[in-house]
Amino acid sequence: MRRKYLFVIALVICLVTAFIYILTYFSSKAAALAGANQQNTFYQHKTIPVLLKNEILSALKYYPELKDTPIDFVFDPNTSKSIMLSQPVVGSFFRGQKNRTYVVKINPLFVMVHKTMPIQDVPKDVLIGWIGHELGHVIDYHNRSNWQMVGFGIQYISSDKYLIQAERRADTYAVEHGMGDYIIKTKNYILHNHDLPPEYIARIKRLYLSPQQILNLINELKKPITDN
């Protein structure tokens with residue numbers, strides 16, 4: 001009996017720890033504290049930094065189903081190992097799946113080995129592809145219930161295999177929405193940029209679809225559907 005109680009206590013502790021970790025991982029600063037404000041709003045239910053207004057709006061046009069979805073695009077240097085990072089806002093979980101708010105964090109600086117440039121100086125088409133990939137993540141999140149999102153978060157941070165699947169799924173969503181050419185330009189810009197840290201390029205190669213895989217997917221989607 002005592003072992004049973006100890007097991008239950010240990011299980012509760014593990015669940016609470018996992019919940020706190022997920023809560024922290026998916027947390028977000030308020031948009032006003034991360035480089036955005038009401039004066040930067042140009043699209044329905046969106047908060048968009050002025051410096052990337054055109055690129056963000058260009059990418060959003062490929063995702064008409066997100067027109068009414070609240071998304072805050074914010075400048076935030078805390079993007080882990082990424083240039084951009086998409087997350088659901090935990091506080092919005094209580095409003096239900098259809099009313100969730102999402103945040104796309106954008107590092108304001110593109111840091112390379114020998115130089116650093118403001119993110120807005122990255123070529124326009126490359127930024128559009130980058131943002132399109134993040135919106136692919138938002139589509140993925142949007143299709144999941146709250147409990148599915150909790151499971152997603154646990155696997156995303158604990159399983160390298162699941163992380164690869166999630167990143168490649170976001171690429172696939174972007175290609176299916178007509179952004180294949182932009183995604184290829186983004187990949188090539190990263191993979192052929194000799195001033196980026198080798199470990200960053202290796203991470204991109206390992207986690208994401210390659211330009212050739214994206215091209216194959218584009219061609220596959222172009223094939224006419226025939227009845228058997």
For residues in the range 60-76 being acidic (Asp, Glu) and out of contact with any helix residue (DSSP H, G or I) (no Cβ under 7 Å at 6 or more places or on another chain), which is farthest from residue 97 (Cα to Cα)? 76
Count of the range 173-211 residues which are farther than 16 Å from residue 60 by Cα, free of Cβ contacts under 8 Å to residues at least 60 places away in the same chain and assigned to a helix (DSSP H, G or I): 14
Within the range 59-92, track down each residue that is at pLDDT 90 or above, out of contact with any strand residue (DSSP E or B) (no Cβ under 7 Å at 6 or more places or on another chain) and of a type in the set (Asp, Glu). 65
Condition set within 22 Å of residue 150 (Cβ to Cβ) and basic (Lys, Arg), scope the range 75-105, selection surrounded by the fewest Cβ atoms within 10 Å (Cβ to Cβ): answer is 98
Residue that is surrounded by the most Cβ atoms within 10 Å (Cβ to Cβ), among those in the range 136-150 that are assigned to a helix (DSSP H, G or I) and at pLDDT below 85: 149
Name the residue that is farthest from the chain's Cα centre (by Cα), counting only residues in the range 173-199 that are at pLDDT 95 or above and polar (S, T, N, Q). 188
Among residues of the range 106-135, those that are among the aromatic types (Phe, Trp, Tyr) and buried (at least 22 other Cβ atoms within 10 Å of the Cβ), counted: 1
From the options 64, 70, residue that is under 22 Å from residue 169 (Cα atoms) and over 17 Å from the mean Cα position of the chain (by Cα): 64
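The values are calculated or read from the model by the stated rules, or taken from the named source; none is laboratory data. Note that the structure is predicted; figures quoted are calculated from it, not measured. So basically every Cβ, Gly included, is an ideal-geometry build from the backbone, and we count neighbours across all protein chains shown.
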